[in-house]
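Notes follow once the structure below has been shown.
Every read-out reported here was derived from the displayed coordinates using simple, explicitly stated rules and does not represent laboratory data. Keep in mind that what you see is a predicted model, and the values were worked out from it rather than measured. As a convention, Cβ positions derive from the backbone with ideal geometry for all residues, glycine included, and neighbour counts pool all protein chains shown.
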Amino acid sequence: RTRVLTGITTTGTPHLGNYAGAIRPAVAASLDPQVDSFYFLADYHALIKADDPARVARSRLEIAATWLACGLDPERVTFYRQSDIPEIPQLTWLLTCVTAKGLLNRAHAYKAAVDKNTEAGEDPDAGVTAGLYMYPVLMAADILAFNAHRVPVGRDQIQHIEMARDIGQRFNHLHGDAWRALTGKAGEPLTLPEVEIEEHVATLPGLDGRKMSKSYDNTIPLFAEPEVLKKLVMSIVTDSRAPGEPKEVEGSSLFQLYQAFADTEQTEAMRQAYADGIGWGDAKQRLFERIEATVAPMRESYRELIARPDHLENVLQAGAEKARAVAAPLLDELQRAVGLGGFG
Ligand code: TYM
């Protein structure tokens, strides 16, 4: 059976980009009877970006409620919090010890921080924590601890998945023989994951046309109230072409957003409307209606779920148990393979 795995960092309120890039494809994959899915709240990752405990706590609740509101069936999938699975930080250390420091030097997030410091004439590592530096190794452990085959994500995560493959491969190379000898199994101890990207939503744009991202403060929250949603959609940046003038779909954030929430027929109708010179106000109204049609039913259940933290807690505890039943036996084998088994 194929294992599909993905996570969301619990640093903010889930937005349309998270939904289109990760949640929607993940929930769709979970309906396939040939798939075992592992979906989780990356709350250890959240500590790297956020030092506000109340915000992290709130975000965990919101993201838990969001997954369920978007149709995830916790009976069918394994749904858990990263911080409930001690095998993940354990594996992180085993992987840390086989990861080349040079590999981590090349991680986009770390490099961006260094470049920013260098430009500002500061020490390159100023304000950079070891947590930020280690981000890709923790993420590799998330994936490899469950021997995931496929990881549905947005484009911004591709490098992380590639690093997980590199790190897994290095571990297999160094410890594969010992693992095979100990377990009598064939193959490799760690499965190298494949990234899974939905081309037309891989980078959903935000209000200002850049990638929709918590760090750019340009997001549309998935479950904003209709009035707020409408206001945000009306504020999407467009060019200055007047009604009646043909519009370009190429490079139009508005069109890209529309496409992410529309079927082929609706998308083609919008393409035609662009060519026919639809006014931006009308186009935005259509986009608002399309998003609203998608999210309205889920928003209802989100409201109910977020008001029941006890229920969410029970779901996640049950999920942690299922997740550990998979990760713990693998960790035991890996520990023994690196020489950390019992003396007997
Ligand atoms: P995070 O929390 O930033 O985002 C969660 C998911 O949403 C996708 N995404 C987008 N997709 C399309 N357009 C956008 N504008 C957009 N913004 C965000 C992200 O690509 C991601 O799939 N490191 C990860 C969380 C993580 C993880 C993992 C993912 C931790 N461990 C293991 C997969 C497997 C992150 O910070 O995603």
Exercise. So for the chain: antiparallel DSSP bridges make up what percent, rounded to the nearest 5?
Worked result: 10 percent
Exercise. Label Val338 and Asp166 with points 7 Å out from Cα along Cα→Cβ: what is the distance between them in nm?
Worked result: 1.9 nm
For this session: Taking the Cβ of each residue in Ile306, Ile158, Ile23, Ile220 as the centre, tally the other Cβ atoms inside 10 Å and list the residues starting with the fewest.
Result: Ile158, Ile306, Ile220, Ile23
Exercise. For Lys214, which lysines qualify as cross-link partners when the Cα separation must be under 30 Å and same-chain residues fewer than eight apart are set aside?
Worked result: Lys49, Lys101, Lys111, Lys116, Lys230, Lys231, Lys247, Lys284
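Contact order normalised by length for the chain, with contacts defined as Cα pairs under 8 Å and 6 or more residues apart; what percent is it? Mind dumping the intermediate values first?
On the way: 511 pairs, mean separation 74.8, N = 344.
Answer for the chain is 22 percent.
In which sequence would Trp67, Trp280, Trp93 go, from the one with the fewest C-beta neighbours within 10 Å to the one with the most? Intermediate results must be reported in sequence, preceding the final value.
On the way: Trp67 23, Trp280 18, Trp93 10.
Ranking Trp67, Trp280, Trp93 by Cβ neighbours within 10 Å, fewest first, gives Trp93, Trp280, Trp67.
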For this session: Sort out for me the Cα centre separation of the stretch 250-267 from the stretch 142-178, rounded to whole Å.
Result: 33 Å
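So what is Rg over Rh here for the stretch 223-303, counting just Cα atoms and using Kirkwood for Rh? Show your work: numbers first, answer last.
Details: Rg = 13.0 Å, Rh = 13.1 Å.
With Rh from the inverse mean 1/r over Cα pairs, Rg/Rh is 0.99.
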For this session: For Ala120 and Val228, compute 0.36 nm times the residue count separating them, minus their Cα-Cα distance, and round to one decimal in nm.
Result: 35.2 nm
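Kindly state, to the nearest 0.05, the FRET efficiency for Leu182 paired with Gln272, given R0 = 51 Å and r defined as their beta-carbon distance. Spell out each step's value before the answer.
Working: r = 63 Å, r/R0 = 1.24.
Computed FRET efficiency for Leu182 and Gln272 comes out at 0.20.
Please list, by residue number, every one of the trypsin sites (Lys or Arg not before Pro) in the stretch 112-200 that is coil in DSSP and has at most 12 other beta-carbon atoms within 10 Å.
Hits after loop and neighbour filter: Lys185.
Take the alpha carbon atoms of the stretch 136-251, find their radius of gyration, then divide it by 2.2 N^0.38 Å using N residues; give the quotient. Spell out each step's value before the answer.
Details: Rg = 21.5 Å, N = 116, 2.2 N^0.38 = 13.4 Å.
For the stretch 136-251, the normalised Cα radius of gyration is 1.61.
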Exercise. How many angstrom separate the Cα center of the stretch 89-127 from the Cα center of the stretch 27-57?
Worked result: 23 Å
For this session: Treating cross-link reach as a plain straight distance, find the aspartates and glutamates whose alpha-carbon is under 13 Å from the alpha-carbon of Lys211, omitting any fewer than eight places away in the same chain.
Result: Asp156
Exercise. How long is the chain along each principal axis, judged by its Cα atoms, biggest number first, in Å?
Worked result: 80, 52, 38
For this session: Quickly work out the Leu174-to-Ser240 label distance, labels modelled 7 Å from Cα along the C-beta direction, and quote it in nm with one decimal.
Result: 5.9 nm
